[in-house]
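The values are calculated or read from the model by the stated rules, or taken from the named source; none is laboratory data. This structure is a prediction, so every number in the text was calculated from the model and none was measured. Every residue, glycine among them, receives a Cβ derived from its backbone with ideal geometry; neighbour counts consider all protein chains shown.
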Amino acid sequence: MATTTAKKSAAVASKTITPAAYLRELAEPRRGELTTLHRLIRAQAPRLKPIGDKNGIGYGPFHFRYASGREGDTFWLGLSSRKQYISLYVMCVTVEEKYLAETYKPRLPKAKIGKCCVTFRKLVDVDLAVIENLIQDAVRLIDSGVPWDNHLRQQTKPSRRA
């Protein structure tokens with residue numbers, strides 16, 4: 001009998017598709033918008049391997065480990081088409097320990113910006129040059145080795161089990 005980890009790995013592997021296949025499944029105009037963003041990310045971050053699945057494209061990957069011991073694999077950058085909007089994920093924290101995406105809020109007034117996610121309805125709603133700068137800054141942080149979750153480690157709540 002397979003272990004739980006092996007089952008999870010098999011389930012994840014079965015959902016993996018190529019980025020091109022993910023983009024092909026999208027209807028226009030969203031396909032064109034995400035293709036433009038995918039090309040921009042590939043041009044600015046060529047060493048980040050693109051991995052597709054049914055929910056989007058991740059660029060990375062990287063392994064993380066929290067102070068609690070929890071660990072896993074995720075991506076540095078991500079791109080996803082949602083029903084009402086496009087999501088660009090940026091898993092980077094600045095040297096000042098601020099989420100990189102949040103630092104771009106003033107420059108992307110039509111986008112909704114969370115900790116690591118920039119969402120917008122259409123590509124024309126954002127300045128593509130600003131998105132390019134965001135990706136370039138992310139690549140610089142990734143290359144410099146700034147840990148994306150350093151401040152999260154400091155905020156980890158102690159376990160109630162003692």
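Worth pointing out:
- Condition met for Val90 (surrounded by 12 or more Cβ atoms within 10 Å (Cβ to Cβ), in contact (Cβ under 8 Å) with a residue 24 or more places away in the chain and β-branched (Val, Ile, Thr)): yes
- Residues located in the stretch 59-86, provided they are modelled with pLDDT of 90 or more, among the small types (Gly, Ala, Ser) and either farther than 14 Å from Ala138 by Cα or in a loop (DSSP other than H, G, I, E, B) (or both): Ser80, Ser81
- Qualifying residue in the stretch 105-114 (condition: in contact (Cβ under 8 Å) with a residue 60 or more places away in the chain and part of a helix (DSSP H, G or I)): no
- Subset of the stretch 103-120 [under 20 Å from Leu40 (Cα atoms) and modelled with pLDDT under 95]: Cys116
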